[in-house]
Amino acid sequence: MTTTTTHAPARFDQLDYLESEAIHSIREVVGELERPVILFSGGKDSVVLLHLAAKAFWPGRVPFPVLHVDTGHNFEEVLAFRDRTVERLGVRLEVASVQDYIDDGRLVERPDGTRNPLQTQPLLDAIAEHRFDAVFGGARRDEEKARAKERVVSLRDAFGAWDPRNQRPELWSIYNPRHRPGEHVRVFPLSNWTELDVWRYIEREGIELPPLYYAHERDVFARDGMWLAVTPYSLPRPGEEVVRRRVRYRTVGDASCTGAVLSDAATTAEVIVEVASTTLTERGATRADDRLSEAAMEDRKKEGYF
Amino acid sequence: MAALDAVLEPTRTTSLLRLATAGSVDDGKSTLVGRLLHDSKNVLADQLDALERLSAERGLDGADLALLTDGLRAEREQGITIDVAYRYFSTGSRSFVLADCPGHVQYTRNTVTGASTADAILVLVDARKGVLDQTRRHLAVAALLRVPHVVVVVNKVDLVDFDEGVYRRVAEEVAELAAALGIEHVRTVPTSALAGDNVVDRSDRTPWYDGPSLLELLEELPPSQTVLEEAFRFPVQQVIRPQSAAREERYREYRGYAGRVSSGVARPGTEVVVLPSGVRTRIAAVDTPDGELDAAETGRSVTLRLADEVDVTRGDVIATAADAPRPVDTAEAMLCWLAEVPLRGGQRVLLKHGSATVQAIVTQLEGRLDLDDLTLHPASAFDLNDIGRVSLRLARPLPLEDYRRSRSGGAFVLIDPVSGGTLAAGMAREPGRSGGIEWEI
Ligand SMILES: Nc1nc2c(ncn2[C@@H]2O[C@H](COP(=O)(O)OP(=O)(O)OP(=O)(O)O)[C@@H](O)[C@H]2O)c(=O)[nH]1
Ligand SMILES: [Mg+2]
């Protein structure tokens, strides 16, 4: 019943602070609400989030399920990683499938083939169907300027919408996730983490990630200033030459619009060095969907997106 | 690997400083934040490209640095900040969390949000205008919240020809106001956020100022986690009893209390009391998934095991027995009223303190702060953004402490029982405490 190792950390450092702050917000919201869920895609931020949830309830299990909104455009290795991870932690996986919506006509494929914006409807339906009242996400404020405006605990109305002009005050670290029936809250425990913090934490905790976060050889082609992988969902158009490059991913999303970066960073330590010296933000480097317009993220979030 | 050490090392040696901006609308807060990020090389190439593109679209000459944080569509359209934007940056010696807050009176609740977690608040003043209503309001908020460091930034000195006399007059005006509000050790810096003078680099256009640049000053401020001597307090968030859901067989009988140390240090062996019940026991162990700790300092999330089988639930507070606070069912407090609907005496609310939420009644409005004379005046209602003193009655006793002695022990929020909305920031006050300066909490 007792633990075996004893250690007295030299001091409470920045990663300790961020970890403790995140665990505090997770425990607090779970203490107040009835039906939480974690959005889990297998991407690095959601992996860190799930790791923190596991720590928050240790030595018990995470007492609620995880939800993956599956675009149908996933990398195989990410899906395999997702299944392995939920199995290891003993949590239940729910999947909301964009493909199902397209197959039965509830959603229509976009002309540009990108499915990220199509995730909102299946997400909101899953929240309603399971009556989830607290939806944890791995979004960070440093990712994007609309996200920089988010509360840690952020109210969504009965339509799943975010009203950035009328957010609830969030005082000290006293979180208030109460809401009316039909509304829910999104909770972002990683709000104050930067990309570099996430990687340093992954290194410190020895967290496993899908392999495509590390440098590997891949067939890619250039589009919109990004390297896209050749997959069934992202095929080169005429004139786009396929080349073999050593790449890695900084974010993992819909394969059709998430770009890889040229990289030799094959270990977490090497990724940290690379991220620390990068000259581009992770979304600027890798996300076509955020380039649609200046306010693309804000508009999607207002509709109920992650 | 030297490069890796260099990159990993900062998190082990630097301290995090949380900053918030404040001051009247258009005094240059967002521009200053943009300038800090830009001149400290914390704006990446694609952000800079986007900024220049956006500024050009708006017909501006150069890049408008305020657009780095004014990220909402409505903010860009109106050229003002509406809600707090959080930005993260680091220098060789420190990491910063920067909350850029709005100046407009309508969005004061967002400025209170940004300031409530700040270790330091940057109060901007336009050198041409001096102290305005919102400067007074925000300084009052900073005093009320007891933000540990207040830095006054006299901005736009380029528009007063870098005149020393103007700077001195404004600095003096702010210092007097701060003193009246009981704020000590105010530091003052003359800047031009637009041109960059004294923001990151010292300016040669202010030869009469021999102090540090704003960034240098911020790098030197004492860190936030220096409260080791404070009494130990631990609001219980979860009772961890895995039973059949234990990750390993040996934890089936485990019973621990999860939470975050809100003040002081948790140590095995410490005599503690569970509040409000008053039952005494001892800390048997301070657990984390990575092993037991000899000490868990303020801010750390841990799970405590207690020496005896006592009744503890979420919302209880575990405190050192020697100096435990007395749970109370009536209290006096200062409020920042943050809701559109006014507060009146007799109103029923929920009060959340630590991890406890109880029903409460605001029995009486004791007075509302007048920003001109800084005293409390009788009032029949508090409107949006009003600051005032109230009496409260609680349905269940809570270990509320005087906010002046303990930020975490005295802070609470009021919640609308129907909508769940947050109505007010509250700061408990020792009952019947008479103060020299009347409005002081
Ligand atoms: N000349 C001069 N103009 C400045 C300076 N700082 C800011 N400005 C200008 O003042 C205007 C307002 O600046 P902002 O940074 O948006 O002001 P703010 O305090 O963030 O305003 P709110 O957030 O809406 O309260 C802009 O036109 C800026 O370019 C300065 O030091 N000198
Ligand atoms: Mg602004």
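The values are calculated or read from the model by the stated rules, or taken from the named source; none is laboratory data. Quick caveat: nothing in here was measured; it's all calculated off a predicted structure. All Cβ positions, even for glycine, are placed from backbone atoms using ideal geometry, and neighbour counts span all protein chains on display. Note: accessible area is taken over every heavy atom of the protein model, side chains too, but ligands, DNA and RNA are not part of it. Shrake-Rupley method; radii C 1.70, N 1.55, O 1.52, S 1.80 Å.
Observations on the structure shown:
- Residues located in segment B:300-324, provided they are touching a helix residue (DSSP H, G or I) at 6+ places or on another chain (Cβ under 9 Å) and open to solvent by 10 Å² or more (accessible area, probe 1.4 Å): B:R300, B:S301, B:R314, B:G315, B:V317
- Condition broken by B:L132, with the remaining ones in (1) within 14 Å of chain A (Cβ to nearest Cβ); (2) open to solvent by 10 Å² or more (accessible area, probe 1.4 Å); (3) under 16 Å from B:D27 (Cβ atoms) satisfied: (1)
- Residue check, A:I127 assigned by TED's automatic domain parsing to the domain that holds A:S25, surrounded by 20 or more Cβ atoms within 10 Å (Cβ to Cβ) and part of a helix (DSSP H, G or I): yes
Results for (1) surrounded by fewer than 21 Cβ atoms within 10 Å (Cβ to Cβ); (2) under 22 Å from B:A425 (Cα atoms); (3) without any contact (Cβ under 8 Å) to a residue 24 or more places away in the chain, shown as yes or no for each residue.
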residue	(1), (2), (3)
B:E248	yes, no, yes
B:Y257	no, no, no
B:M334	no, yes, no
B:R348	yes, yes, no
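- Some residue of segment B:53-64 being outside any loop (DSSP other than H, G, I, E, B), within 10 Å of chain A (Cβ to nearest Cβ), closer than 22 Å to B:D26 by Cα and away from ligand 2 (no atom under 11 Å from the Cβ): yes
- With respect to the stated conditions, B:T117 is closer than 26 Å to B:E219 by Cβ, away from ligand 1 (no atom under 15 Å from the Cβ), hydroxyl-bearing (S, T, Y) and touching a residue at least 40 places away in the same chain (Cβ under 8 Å).
- Residue match in segment B:72-84 (condition: open to solvent by less than 10 Å² (accessible area, probe 1.4 Å), within 13 Å of ligand 2 (Cβ to nearest atom) and more than 14 Å from chain A (Cβ to nearest Cβ)): no
- Residues that are hydrophobic (A, V, I, L, M, F, W, C) and surrounded by fewer than 24 Cβ atoms within 10 Å (Cβ to Cβ), drawn from segment B:99-114: B:V105
- The condition of being under 19 Å from A:S191 (Cβ atoms), within 14 Å of chain B (Cβ to nearest Cβ) and open to solvent by 10 Å² or more (accessible area, probe 1.4 Å) holds for only one of A:D13, A:D45, that being A:D13.
- For segment A:224-250, a residue qualifies if it is within 14 Å of another protein chain (Cβ to nearest Cβ) and either surrounded by fewer than 14 Cβ atoms within 10 Å (Cβ to Cβ) or under 19 Å from the mean Cα position of the chain (by Cα) (or both), and the qualifying residues are A:D224, A:G225, A:R250.
- Candidates in segment B:85-96 are the residues that are touching a strand residue (DSSP E or B) at 6+ places or on another chain (Cβ under 9 Å) and closer than 18 Å to B:L44 by Cβ; of these, the one that is most open to solvent (accessible area, probe 1.4 Å) is B:S90.
- Neighbours by Cβ (under 8 Å, 6+ apart or cross-chain): first from segment B:86-107, outside any strand (DSSP E or B); second more than 11 Å from ligand 2 (Cβ to nearest atom) and of a type in the set (K, R): B:V105/B:R137
- Summed over segment B:25-36, residues that are crowded, with 24+ Cβ neighbours inside 10 Å and either within 7 Å of ligand 1 (Cβ to nearest atom) or in a loop (DSSP other than H, G, I, E, B) (or both) total 6.
- Qualifying residue in segment A:50-61 (condition: in the same structural domain as A:P122 (by TED's automatic domain parsing), of a type in the set (G, A, S) and touching a residue at least 40 places away in the same chain (Cβ under 8 Å)): yes
Table: residues versus (1) of a type outside the set (D, E, K, R); (2) more than 25 Å from A:N192 (Cα to Cα); (3) in contact with an Asp or Glu (Cβ under 8 Å, 6 or more places away or on another chain).
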| site | (1), (2), (3) |
| --- | --- |
| B:S90 | yes, no, no |
| B:P102 | yes, no, yes |
| B:L139 | yes, yes, no |
| B:V151 | yes, no, no |
| B:V174 | yes, yes, no |
| B:T188 | yes, yes, no |
| B:V200 | yes, no, yes |
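- Number of residues in segment A:154-172 that are open to solvent by 50 Å² or more (accessible area, probe 1.4 Å) and either in contact with a His (Cβ under 7 Å, 6 or more places away or on another chain) or within 23 Å of B:G259 (Cβ to Cβ) (or both): the value is 1.
- Selected residue (only one of B:L19, B:L60, B:L51 is without any contact (Cβ under 8 Å) to a residue 60 or more places away in the chain, crowded, with 19+ Cβ neighbours inside 10 Å and within 16 Å of ligand 1 (Cβ to nearest atom)): B:L51
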